[in-house]
1. Return the pairs, sorted by first residue and then second, in which the second residue is modelled with pLDDT of 85 or more, the first residue lies in segment 79-107 and is under 30 Å from residue 32 (Cβ atoms), the beta carbons are less than 6 Å apart, and the residues are 6+ apart or on different chains.
2. Among the residues of segment 63-78, how many are part of a loop (DSSP other than H, G, I, E, B), surrounded by 11 or more Cβ atoms within 10 Å (Cβ to Cβ) and without any contact (Cβ under 8 Å) to a residue 24 or more places away in the chain?
3. Does segment 40-62 contain any residue that is more than 30 Å from residue 26 (Cβ to Cβ), assigned to a helix (DSSP H, G or I), out of contact with any strand residue (DSSP E or B) (no Cβ under 7 Å at 6 or more places or on another chain) and at pLDDT below 90?
4. Filter segment 22-38 for residues that are surrounded by fewer than 12 Cβ atoms within 10 Å (Cβ to Cβ) and either touching a helix residue (DSSP H, G or I) at 6+ places or on another chain (Cβ under 7 Å) or within 17 Å of residue 75 (Cα to Cα) (or both) and give the result.
5. Just to be sure I understand, how many residues within segment 17-30 are under 29 Å from the mean Cα position of the chain (by Cα) and at pLDDT below 80?
6. Scan segment 79-118 for residues that are in a loop (DSSP other than H, G, I, E, B) and modelled with pLDDT under 65 and report the count.
């Protein structure tokens, strides 16, 4: 069982408070090292996927980098470093899975039902009579 560390000095030692005389916010040292790596990997992904560099793509990448960096920093510590997190993720992705035969998803009734063109003459549905069915039926009778 891991207990939270309540030592304020230990907490201050983990954060970078900015250059002397200026306060730009509190950054954890791990975030300063992980953020640029995540951003560069994101740039490579954007380049390889063919999305291109636009204001929207780079802005979304920056927001995603800040979120992912914060998540990584929150889920790592000296007891569980980043390498263990990456190794655990790789083990989860490459683990063998049990082969399950015969378990496939069924098509929904909406996709099994025959379709008609809009405005085509059709019988009124027996179970569900909606206003659209009445309107289509009336439009078919009038012409």
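The values are calculated or read from the model by the stated rules, or taken from the named source; none is laboratory data. All values reported here derive from a predicted model rather than from experimental measurement. For neighbour counting, all protein chains shown are included, and Cβ atoms are generated from backbone atoms with ideal geometry for every residue, glycine included.
1. Listed by first residue and then by second, the contacts come to 82/76; 85/76.
2. The qualifying residues number 1.
3. no
4. Those that are surrounded by fewer than 12 Cβ atoms within 10 Å (Cβ to Cβ) and either touching a helix residue (DSSP H, G or I) at 6+ places or on another chain (Cβ under 7 Å) or within 17 Å of residue 75 (Cα to Cα) (or both): none in segment 22-38.
5. 3
6. So the count comes out to 4.
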